[in-house]
Structures are given as C-alpha cells and as structure tokens.
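This report refers to the structure that appears directly beneath it.
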Amino acid sequence: MGIHPLKDAFETSRRAFLRTGAATGGGLLLGFSLAGKGAARAAAPAALNTYVRIAPDGWVTIVAKNPEIGQGIKTMLPMLIAEELDADWEKVRIEQALADAALYGRQFAGGSMATPLHWDELRRVGSAGRQMLLTAAAQSWSCPVGECDTTPGVVRHAASGRTLAYGALAQRCATIAPPELATVPLKDPGTYRIIGKSMPNVDGEAIATGRQQFGIDVKVPGMTHAVFVKCPVFGGKVVSANLDEVKAQKGVRDAFVVKGGDALDGLLDGVAILADSWWVANKARDVLKVEWAEGETARQSSAGYAEAAAKLFEGEPQAVLRKDGDAAGAFAKAAKVVEAEYAYPFLAHANMEPQNCTARVEGGKVEVWAPTQNPEEGRGLIVKHLGVKPEDVTIHMVRCGGGFGRRLNNDWMVESAAIAKQAGRPVKLVWTRQDDIQHDFYRPAGFHKLKAAVDGEGRLTALSDHFVTFGQGEGFSRSAAMSPVEWPARAIPNIDYGVSKIPLGVPTGPLRAPGSNALAFVFQCFIDEVAHAAGKDPVAFRLEVMGAPRVLASPAPTPPGGRPPVGYDMGRQAGVLKLAAEKAGWGRKLPRGTGLGCAFYFSHLGYFATVIQATAARDGAFKVDKVWVVGDVGSTIINPINAANQVEGSVIDGLAHAKGQITIENGRTVESNFDDFPLTRMNEAPPIEVHFLKTDNPPTGLGEPALPPVMPALCNALFAATGKRIRKLPIDTADLAWS
Amino acid sequence: MAYTIQVNGQGRTVDVDGEMPLLWVLRDELDLKGTKFGCGAALCGACTVHVDGEPVRACVTPISAVTGKVTTIEAVGATSVGKKVQAAWIAHDVPQCGYCQAGQIMSASALLAATPKPTDADIDEAMSGNLCRCGTYTRIRAAIKQAAGLPVADSRET
C-alpha cells in the first residue's frame, strides 16, 4: 500500500510520552505524542497537543487523530481512550484532529492499520488520564490512591462512599505529573464498558439530517469555484489553449494554464477555469480548446497490454520471484497437471464524493481543507510544487465521501493549492465524475499463467505462476507487485513463481486490499480448479493443502529490537474456512443452476473465508443469493456494529469487481461515469451473514481483509452452478450460459 | 435571469442561467449543501430532492424547469415520514462515509410517502437508482422496513 508503518510505529511508541497542561477555559489537557519530533514541540505552550480535554461540567472531548473515510475510525479510536479513561460515552464529544505528524504521529487511513497501531497506545493514553484523575481525587481526600476507584465519569472512595465527578477534578489534574505510559495498568477485558459494545457512528445524526460537512461542502471567505482540465492522455502537456474565449464566457472570472511536472502522482499540466459558481466554471469547458502534447503514452492500450502479456507467456519469466523445491520434477511425475490463464482489468476507485479540495494561499502560507486519507503526502506535494516550507502548510482533514485508497494520493490537493496561488484568491476545486474516473490511480490489471501438479492420491505437489504485470527496470508500477509468499507458497514444497513486466504510462495505486483484491481471485479460483481436477471437495482440498495448524514464517527479518514480522497462521485460516462452510451448509444439495463457492484469504493481518450461493439462468445472467463471511481479527471486536458494517460493505464492494473495468485506448481512459463503470446497486445486494471467530490474538483491522475472498467465492459458486469457469474479469455472462 | 422557487417552505429568488441545474442552485446559490453532487448525469442519486413530493435528480433538472415545491434533506425531517426515515437511519447505523445518504433518505422518504408498506421488490425499484459505494444496502433495506413499521430481518449476532 505504499505505507509500511508497523516498524515506525513500534519504534516511536517507545518514545511516546505524556504531557499535561491547563486547558483553555479550565480542565484537563492530556497530550500524548507518538511522534519522534514530539519532544521538541511539546515544550511549546501549544494547547493543540492533546487527545483528551475534560471540562468543568464533566464533558470529555477526545481528539480523533486519523482521517475518516467511512471506516468508522472517528468513533473507534476515541472508544479505546474512553474505555480506559472510564469516561461516560454519553458525555464524550469527539473532535477531528488537524494533520500534524509532530503531535499525533502518522495520520492516515490505509492498510487497515489503525487498530493494530493504536490498540495498545490509545488505551494507555486513556488509562494514564484515569490514573491522574484517581491521584487528584486521592489528594483532595487525603487518602491513598489505592483506595479510590472509578465508575464512568466519577472517582469514588468506596470505604467512605464519597465521590468526585471528573469535571470537578480536571483543574487539579493540571498539576499532576503524568504517569509513564508503558507502566499504566490496563483493564481486564471482562470489565469493558465501551470496547466490544456497538457504538453507532458519532456523525450518524449529522449525516442523516444533511448537516455533516464533507470536503466538497467547505466554504471560505472570498472563495472562487474552479475546475481543472488535464490532458486525457496521462501526463500530457499543454501546448496552447483558447483562454481568451473561455474568459469571455458569462460568469467566468479567470482561466489560466497551470504548469506541472512529469511525475504522474504530482502536479500535472492543465487549464484552470474559475467562476463564482462551480457549474458556470464547468460549463465553460464546452468552449475550451486545448492543444495537448500527448506524449508516448498515447500509443498504449489495454488491448496492447494483453498482446504483450500473451507474448511474454510464450517465454520464460523475466525474473524469478520464488523457487522452492523442484516444481519441474513434480510436474514430470504428476498424475494430473492443471493449466490455466487468468486476467483482470484496471479498476477505478470511484469514491461517491468526487475529488475536491479548498485552498487558500496568502503571505507564503498555504491552508487546505482536504478530504484526504494521507495528509502528509499532500503536504509534500505542496512543498515541492509551491516552494513553501512544510510548517507553512495547514491541512484540515475534512470527512471524506469514501476513500478506498484513492485519497492516499493528493493530486487534487496540490492542484487546488497551485490554482489558488496563481489566482491570488481562495479556490474550491471540484472534479467532475468524468475527471475522477479518467484521472485515477487505477488498480493495476494483471495476467497469470498457472500450472499445478496433482499426484496419484489427488494431493497438490507443485504450483507455478508466471505473473505478467507492469513496471520498468527493477521497479514495479504501484500496487502491481506480488509477494513471493502468495499461498500456497510455504504450504507445499515445490513452487515456481516468476514475473515479467510491461512498461506502463498509466498511473496505478492502491485500491482497497491492494494486490490481494486481484490475487485472491486468481489463486482462490485456480485452487478450486485443482480441487475439482483432483476429484476432491473444494473446502476439504483447501484444508488439506493448508495442512497442520502452524505458522508459516514471514521471510522478512526481525528488525533490531523490534517484533518479528507476522507469519501466516494455517490454524486460524482453517478455522474461518471451516466455520464459513458450516454456517453456509456446505455440501447441501442444490438444483442445477445454483451453486455454492468458497474462498479464503489472509491480508492486512485479517483471516477471512467467504461462501457464496449464486444462481445462474440458462443465458448466464446470474444473481447472488446469499453470502456468508467469517473473519478472525483477533480477540476483540472493538465496535461490533461497525465491524459488521465494514464486512458487509466489503462484500458489496467486492461484488462490483464482477462487472467493472477501466479500458485504456490511445493512452486515455474510455469509461467516464457510473453507466460504463458500474457499481453494485440495491437490487443486486444479497443478504450477508457475518460471523467473527475470536481467537487469542491482538485485534487487527477491518477496512480491507474481508474484500479479497468475495470475487473468487462468487466465481467458484458460478462454476458449481454452471460448470463454467471464470478466468477473466469482468465476468461476461455469455460465458456462463448452460443447458 | 431571475427565478423564484419554493425551497423548504420558503420562496427563494436566484439570478442565474436557466440551464443551471437545481443541484448547483441549492449548493452554490442558496448554500444548502446537504444535497450532494455525485455524477452530474442522474446515474447515482446522490443529488435526490423532492419536487412536490416526487424524487427528482437535481443534477439534471434545470432551474428553469422547476415549478413545484422543492424539499431537501435539510427539511425532510419536518414531514412525519422523513422524520421516521432519518430516525431509522440513525438506529440502524446505516451511514459509513455518509456521502450518498442524503439522496438515499430522500428516495426512501418518497417511497414510503407513496407506498407506506413496501415489499422488497418495491424497495429494489425505488432505491436502485441510488448508489452507495460503501455498500450500506442491507441496512438501508432494514431501515426502510423499520420506518414502515414492517418486521426487520436481522441476521446480526451482535
């Protein structure tokens, strides 16, 4: 995902420290920095460095540090603090943090990392606050701290029956030295009052009543509306544009060329049109004529990539990705060899809220209101292209109307800042849906040529894959690499994984469960084919290949003084698959045209298995009847209602991969809106049953890992229903016709 | 030219191009930002408002064609159906990112005003024009049924 925060976070957590200070208006300020630079900043009397404020009236304000994109983090992270603080959730207010890595450590929504990165630390922040409140109460009662306890929002002295509300203690807390985070006590999970209870989205009411502000709703004084027109061919440059004609349009305030650079993930060339209303600015595009220097990418196309892949498949892979044992020997001795080619297309993110950003550039300072998943990357782009210092950029993280990885890139952020600078006035840039679909960082397409060997007892003895992907030289296009541990590597002795690359002029990037969202389709469908060729039940065959419960070690070295990298636990993976099969009634008799399919996948530290029942009509038109999902994300489901929401959403999202594709022709994207890039709609949404298998492991994230098994479970169900194997996405229903 | 329309019970006059869609009149001229822009082509439903109680895609409705009374998400709670729908949305924790939900609620309120006890097929028909990229459909269905006073199938363990 381009973000590998585990190591950094473990490093910085050791440097974590607490500070307190008097809050404006009285009360407790509880600051806690995860950042290495925090020490320097904490010395300054900034009232911003804070996670918790307690007002004299007892209301607790908790800062939500990470961007909210619909994953529920604005509710969930404060729950961790509130639990250990023993706050009354009904008297908690939540405040969105500014983007400030010096105060909060990395703030991003990606990799399903928020839970593993904050589970320990933020509970300790809450606990430290509770310890201070206990100390403050003990001081005012002149009794040992050990005699005091808390109920939500109140410290009590059980022996005497005396109580003091948190609000009454807040002022005194400002004089108490904060305890060491590493040593504060944590609750027995059996006593949790907030963690493990369903807490609805804290912004639910504002959303349902239309009062919630998203990025696109931001308004700043003196603001002008803008559109930005880029070359349809990725990275193309402006040669000339009929700016005078555009400026002559009624209501248009200004139009100018913005010069960009060469990096596809930076500021690119384009024409900005400004008006008092966004619609007027956008309408002026009708008369805009730009001569573009399209560049070399104009010679690329999806058809060309497929031809290149076919040619590469004729030869050996350009590079070895993994070589275990003697796959060639196993193929020579096999009772059966199964061969197949799989392919999947580029995909767009298509957040419901089109990309947008509001920017003000004044006196060398830049202020942006950005629906971003990854503010620091945006700060870097602004620093690079506007020539300002990082500390001169203020980023307000505004609720995102969807993320899915698209908003890890901040191209629209630097565009808005560059336009505002050039215009000399604040600007709100809003992209059209066409801009969004045609200027994305796409989930890369890919091609796989697979081969498996099965012995006389129907056991999988070898597997090889020639993966044709995108990149140049040593490098891969973003999100276009495959891990050498892709299952069944490490589970069986003979593996040959090789890779070849096609140069690509199209920008790619992480889409929800990057890599996994495509590889699960390929490997979990192919293993299904092998199961059938081996004459075995698809669930039983998968369990057989997994083998005994054990952890397949990670190939990555343990960092000095750090934790060993996570391995792949076959026991946990088998656990979810068995339970999903049981819940779905695996093996039951179904009429022809209806079938059950299964798939499992491990990604983002989460173990998932999915069973789908689907029915195909004789013409191949199909319907998903029902979906069963079992996940193992550790010992604790922090917010059960949102956990189920995330899994349901992953299923609906994953099902859209059956029909969506981005096609490149002449270096530009063909699709442009929801008619030719379809998403799942209400009439296609199946009932979804979600179960969590709780195991004695630290809790991990849920934004992504439920998605990868969805598409292979569907394709395997369609095979069971029709006998037709889907090896290429999107699904062409004509391929499923049966009689 | 100047157009006067009834929005949320008030007469509002705007001086704009007659082709300007109602969506942009609401958002940029009247500062009613609850109605959302999603596609500009009536493909996603994020901009759904009521005109005389009927669901209308504001992104393709020119201001010059608006003659009826416009109700937006900001005021739909003043109707008994709208209020029930909003309450059910909150109770079922429907929103994830929340961006499409104003449009969903407007479509659902119009459905229930016309069809107080909708079947699953009625819900499919009324709601399939509203995309939700986060995939909140199972809860949207449940919330509509709750607002209608119909039994809600709930397979959740929690």
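The values are calculated or read from the model by the stated rules, or taken from the named source; none is laboratory data. Nothing here was measured: the structure is a model prediction, and the numbers come from that model. FYI the Cβ positions are ideal-geometry reconstructions off the backbone, even for glycines, and counts take in every protein chain you see.
Yes or no, residue by residue, for (1) in contact (Cβ under 8 Å) with a residue 60 or more places away in the chain; (2) within 30 Å of A:Ser302 (Cβ to Cβ):
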{"position": "A:Thr183", "(1), (2)": "no, no"}
{"position": "A:Thr191", "(1), (2)": "no, no"}
{"position": "A:Lys197", "(1), (2)": "yes, no"}
{"position": "A:Gly210", "(1), (2)": "no, no"}
{"position": "A:Val239", "(1), (2)": "no, yes"}
_Where the second residue is assigned to a loop (DSSP other than H, G, I, E, B) and among the charged types (D, E, K, R) and the first is more than 10 Å from chain B (Cβ to nearest Cβ) and lies in region A:622-649, which pairs have Cβ atoms under 9 Å and are six or more apart or on separate chains?_
A:Asp632/A:Lys694; A:Val633/A:Lys694; A:Gly634/A:Lys694; A:Gly634/A:Asp696; A:Ser635/A:Lys694; A:Ser635/A:Asp696; A:Thr636/A:Lys694
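Each row is one residue, and each column tells you yes or no for (1) surrounded by fewer than 24 Cβ atoms within 10 Å (Cβ to Cβ); (2) among the acidic types (Asp, Glu); (3) touching a residue at least 60 places away in the same chain (Cβ under 8 Å).
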| site | (1), (2), (3) |
| --- | --- |
| B:Glu74 | yes, yes, yes |
| B:Val85 | no, no, yes |
| B:Ile90 | yes, no, no |
| B:Cys97 | no, no, no |
| B:Leu111 | yes, no, no |
| B:Thr119 | yes, no, no |
| B:Ala142 | yes, no, no |
| B:Leu150 | yes, no, no |
| B:Ala153 | yes, no, no |
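Per-residue answers, yes or no, for (1) within 11 Å of another protein chain (Cβ to nearest Cβ); (2) over 21 Å from A:Trp431 (Cβ atoms):
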site: B:Ala46; (1), (2): yes, no
site: B:His50; (1), (2): no, yes
site: B:Arg57; (1), (2): no, no
site: B:Val60; (1), (2): no, no
*Select, from A:Ala609, A:Ala581, the only residue that is away from chain B (no Cβ under 14 Å), among the aliphatic types (A, V, I, L, M) and more than 17 Å from A:Ala520 (Cα to Cα).*
A:Ala581
*Hey, any hits in region A:186-195 for a residue that's in the same structural domain as A:Ile69 (by TED's automatic domain parsing), modelled with pLDDT of 95 or more and of a type in the set (Ser, Thr, Tyr)?*
yes
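Residue-wise test of (1) touching a Phe, Trp or Tyr at 6+ places or on another chain (Cβ under 9 Å); (2) surrounded by 23 or more Cβ atoms within 10 Å (Cβ to Cβ); (3) among the small types (Gly, Ala, Ser).
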site: A:Leu386; (1), (2), (3): no, no, no
site: A:Val393; (1), (2), (3): no, yes, no
site: A:His396; (1), (2), (3): yes, no, no
site: A:Gly405; (1), (2), (3): yes, yes, yes
site: A:Leu408; (1), (2), (3): yes, yes, no
site: A:Ala423; (1), (2), (3): yes, no, yes
site: A:Lys449; (1), (2), (3): yes, no, no
site: A:Val454; (1), (2), (3): no, yes, no
_Single unsatisfied condition, A:Ala136 versus (1) surrounded by 22 or more Cβ atoms within 10 Å (Cβ to Cβ); (2) in contact with a His (Cβ under 7 Å, 6 or more places away or on another chain); (3) free of Cβ contacts under 8 Å to residues at least 60 places away in the same chain_ = (2)
_B:Leu30 - would you say it is touching a residue at least 12 places away in the same chain (Cβ under 8 Å) and out of contact with any strand residue (DSSP E or B) (no Cβ under 7 Å at 6 or more places or on another chain)?_
no
*Here are A:Ala102, A:Ala136: which of them is in a helix (DSSP H, G or I), touching a Cys at 6+ places or on another chain (Cβ under 7 Å) and modelled with pLDDT under 95?*
A:Ala136
*Sort out which residues of region A:571-589 are more than 18 Å from A:Ala531 (Cα to Cα) and either in contact with a Leu (Cβ under 7 Å, 6 or more places away or on another chain) or not assigned by TED's automatic domain parsing to the domain that holds A:Ile492 (or both), and write them in order of number.*
A:Gly575, A:Val576, A:Leu579, A:Ala584
_Residues located in region A:220-264, provided they are charged (D, E, K, R), assigned to a loop (DSSP other than H, G, I, E, B) and within 14 Å of another protein chain (Cβ to nearest Cβ)_ = A:Lys250
*Hits in region A:650-701 (condition: surrounded by 24 or more Cβ atoms within 10 Å (Cβ to Cβ), facing another protein chain (nearest Cβ under 9 Å), touching a strand residue (DSSP E or B) at 6+ places or on another chain (Cβ under 9 Å) and in a loop (DSSP other than H, G, I, E, B))*: A:Ala685
_Which count do you get for residues in region A:111-148 that are on the phi > 0 side of the Ramachandran plot and either within 41 Å of the chain's Cα centre (by Cα) or among the β-branched types (Val, Ile, Thr) (or both)?_
2
_So, in region A:350-364, exactly how many residues are farther than 16 Å from B:Cys100 by Cβ and in contact with a strand residue (DSSP E or B) (Cβ under 7 Å, 6 or more places away or on another chain)?_
4
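Could you list, in sequence order, all residues of region A:378-397 that are under 27 Å from B:Lys36 (Cβ atoms) and outside any strand (DSSP E or B)?
The first filter runs over region A:378-397 and keeps only residues under 27 Å from B:Lys36 (Cβ atoms), leaving A:378, A:381-382, A:394-397.
Correct list: A:Gly378, A:Leu381, A:Ile382.
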